[in-house]
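The structure appears below as structure tokens.
The numbers here are math on the coordinates, done by the rules we state, and not lab data. Everything quoted here is computed from the prediction, not taken from an experiment. Heads up, the Cβs are rebuilt from the backbone with ideal geometry, glycines too, and the neighbour counts pull from every protein chain shown.
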Amino acid sequence: MRTRERRNMTEREWSITTSQEAIETHERYIVQTYRPHEFVYARGRGVWVWNPEGERKMEMLSCYSALGGGHCHKDILQAFVRQARRYWPGSNAFYNDVAPLFAKELVEFCEMAKVLPINTGAEAVERAIKIARKWGYTCKENAGDSLGFERVVDVVETAKTWGKKTKGIPLDTAQIILCDNNFHGRTITVISASSHDKYKRYFGPLTPGFTLIPYGDLAALEKAITPYTVAFLAEPIQGEGGVVVPPEGYLKGAKRICEKRNVLLVWDEIQTGLGRCGKRFAYQYEDAKPDILILGKFLGGGPGQVSAAVCNEKVASVLEYPEDGSTFQCHPIDCAAALAALRLLQDEGLPERAFELGNYFRAELEKMKSPRIKEIRGKGLLIGIELKHELGGAKPFVTKLIEEGILCNQTHEHTIRL
């Protein structure tokens, strides 16, 4: 009887059939860490989504850059389903035949050395922090007399060698520099590096080892570096911070400073990378290639949950067994979707398309000459429209846009994000 009932499952048993019921059930059973707009996804194709009642909207948020190929792209869907029919995760105690191919093509696409795959963006940021810290404690590259590999030195010895291209700082002293107004996720370590009290107020004790500086300020970066600084971690464009584009020359200048001061450069391109900003990666606007490149969002194509810390030769072998790992790391189904997304991005020229459409869209917005708009920012199809602050915030405008058929969101109170 039970088998027959399972075979006769209706569509209703897999999803909710009215928007009102979906909202009420969500609020009743899911911890409310978000404040969703009152539109319920029931179906999606390309840039279009429908609610249970059949009302259609244009998806212009792209799930914070996770849907670079749109909803249910046939190539990604086929890859996901094909692998789901072959086998499911076999644990990292064994190899599988999908993850290595994905890793190879991603590393070659990024022109790096190796990749540490993981599942979510915040996890990839955490891995980059781990790599940077261990590199600072153990890296023997150009080691001087007083800073050796596999031994801890005292503060005096570290100070003596400051200015030389060496590493080997005392354990538990590593510092990583980040920027005010950053957003890298919401795990305990990551929020410890946030300048936003709303993310960390009730979650102490927080993780030490972070220094915050103003975004876009090269002088502040140079000044903040100490003998204990192991990395500078930043977004090439601040997404959740209001789609903030740094001054021209900032990315290249940061790379120059990091190289001069023997500090790792880490770009978080979870939201900006993989074509969204009109190039493969936003750092390419200034040829500021990092030591560690953090990716996520569209890396999984939409259905896959894949992120990555992609490393150059300098740091590719820093982490070793058993210093890291996760059950669903190298998940074959997710990696199959990611592989399809990576090929789709190149085959359909998505970065070039985003560059073209983004320039057109921003130009048309500028032509409006709206008295409500303070500034239009962004690159490619990552666009922020900052409204004049006396209007009281962007949320009412976002609500109206949603009513008119455009799904978007507000960020940093006064900015409409598209």
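Taking a ≥ b ≥ c as the square roots of the eigenvalues of the Cα gyration tensor, region 299-407 is prolate, since a/c reaches 1.5 or more and a/b is larger than b/c. Karplus-based coupling profile of region 396-406, in residue order and whole Hz: x, 6, 5, 4, 5, 4, 5, 4, 7, x, 10, with θ = phi - 60° in 6.51 cos²θ - 1.76 cosθ + 1.60 and x standing for Gly or Pro.
What does the charge count near Ala288 come to, summing +1 for each Lys or Arg and -1 for each Asp or Glu among other residues with Cβ under 10 Å from its Cβ?
Around Ala288, the charge tally is +2.
The distance linking region 330-346 with region 169-194 is 29 Å (Cα centroid to Cα centroid, whole angstrom). Between Arg353 and Tyr95, residue separation times 0.36 nm minus the direct Cα-Cα distance comes to 89.2 nm. Give the calculated FRET efficiency between His26 and Leu212 to the nearest 0.05, with a Förster radius of 45 Å applied to their Cβ-Cβ distance. E between His26 and Leu212, to the nearest 0.05, is 0.80. When Lys and Arg each count +1 and Asp and Glu each count -1, what net charge do the other residues less than 14 Å away from Thr207, Cβ to Cβ, add up to? Taking every other residue near Thr207 into account, the sum is +2. Compared with the dominant Cα axis of the chain, that is its longest principal axis, helix 332-347 is turned about 90°.
Overall, the anisotropy analysis places region 209-264 in the prolate class: the square-rooted eigenvalues a ≥ b ≥ c of its C-alpha gyration tensor yield a/c not less than 1.5, with a/b exceeding b/c.
Each part gets one Cα centre, and for region 393-418 versus region 30-59 those centres are 15 Å apart. Counting Lys and Arg as +1 and Asp and Glu as -1 over every other residue whose Cβ lies under 12 Å from the Cβ of Lys252, the net charge comes to -1.
Structure remark: mean-square fluctuation, Gaussian network model of the chain, C-alpha springs under 10 Å; the largest value among Phe203, Phe355, Phe183 belongs to Phe203.
Compared with the dominant principal axis of the Cα atoms in the chain, helix 19-29 is inclined by about 40°.
The long axis of helix 74-84 is offset from the longest Cα principal axis of the chain by roughly 80 degrees. Output the pairs from Lys134/Lys223; Lys200/Lys388; Lys74/Lys297; Lys57/Lys252; Lys57/Lys379; Lys104/Lys379 with a Cα-Cα distance over 30 Å in this structure; if there are none, say none. Table pairs above 30 Å Cα-Cα are Lys57/Lys252.
May I ask you to derive the FRET efficiency for Arg56 and Phe203 from their Cβ-Cβ distance with R0 = 51 Å, giving the value to the nearest 0.05? Walk me through the numbers on the way to the answer.
On the way: r = 40 Å, r/R0 = 0.79.
In this case the efficiency is close to 0.80.
Using only the Cα atoms, work out Rg/Rh for region 66-119, with Rh taken as the Kirkwood radius, to two decimals.
Dividing the radius of gyration by the Kirkwood radius yields 1.00.
By the helix-only formula, in which each DSSP H run with n ≥ 4 contributes -39500 (n - 2.57) and the sum is divided by residues, the chain has a 222 nm mean residue ellipticity of -9500 deg cm²/dmol. Considering only Ile131, Asn312, Val243, and ranking their Cα positions along the charge dipole of region 81-347 that arises from unit charges at the beta-carbon of Lys, Arg, Asp and Glu, the one farthest toward the positive end is Val243. Basic side chains Lys and Arg get +1 at the Cβ, acidic Asp and Glu get -1 at the Cβ, and with that the dipole of the chain about its Cα centre reaches some 240 debye. Between Gly209, Gly304, Gly68, the Gaussian network model of the chain with springs among Cα atoms under 10 angstrom shows the greatest mean-square fluctuation at Gly209. Sparsely packed loop sites in region 327-418 (the trypsin sites (Lys or Arg not before Pro) outside DSSP H, G, I, E and B with at most 15 other Cβ atoms within 10 Å) comprise Lys369, Arg372, Lys388. Taking Thr17, Thr226, Thr211 in turn, the Gaussian network model of the chain (Cα-Cα springs below 10 Å) assigns the largest fluctuation to Thr17.
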